[in-house]
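Step one of this worksheet: look at the structure below.
No value in this document is a laboratory result; all are computed from the given coordinates. What you are looking at is a predicted structure, and each value in this text was computed from that prediction instead of being measured. Don't worry about glycine lacking a Cβ; one is built from the backbone with ideal geometry, like all the others, and counts go over all protein chains shown.
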Amino acid sequence: MFQILRLQRLVFDRYRSSARVPLKDTVELNLRVLPDDLDLNFHMNNSRYLKIMDLGRWQFILRVGLLSVCVRRRWRVIAGAIDITYLRSLKLFQHFTLSTRLECWDHKWLIIEQRFTVHGRLHARARVRMLLLDRKGVPVPIPKIFEALQLEPTASPEPSERTKAWLNSLAFRDNL
């Protein structure tokens, strides 16, 4: 129930402040831990982090102008892998910020970094490997995404060493 309200707020906030942000910007979502987010240990449930990360990625997609492109072209956004590390608990009614940014990309995958912070202190960090599929289910090449956003294709920023190691651990999947 609360997740639907969060999604409605996200969409409303986007249309209220219709400023599009550059693809390489960080987008922040300020939230609070609600009773529905808790597990039996009375801190935010690990699966709730993933749901809230979905909201953060949709907010990012909205803010960079990719959602309207996806709707027009009937592209689908797909998460292919997620790596998350939990450092500190988020407790009931605690305010937190979810920051979402595009870290890097290759020929078809976008690597998104997401961070949960409280007053600048890191509580959880995640990487998400996602891609866009066209209406036939074929991955949309990154240059085509840049073109659709009316951006000049540029070289990807260098991923962090941890991200490189994670991507190398996923290499087996690309050969299936």
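Points to keep in mind about this one:
- Within the chain, helix-based [θ] at 222 nm, where runs of 4 or more DSSP H residues each add -39,500 (n - 2.57), nearest 500: -10000 deg cm²/dmol
- Per residue, the convex hull spanned by the alpha carbons of the chain comes to 137 Å³.
- Pairs from the list Lys24/Lys108; Lys24/Lys91; Lys24/Lys164; Lys24/Lys136 with a Cα-Cα gap above 24 Å: Lys24/Lys91; Lys24/Lys136.
- A DSSP coil position with no more than 11 other Cβ atoms inside 10 Å describes the following chymotrypsin sites (Phe, Trp or Tyr not before Pro) in the range 85-176: Phe93.
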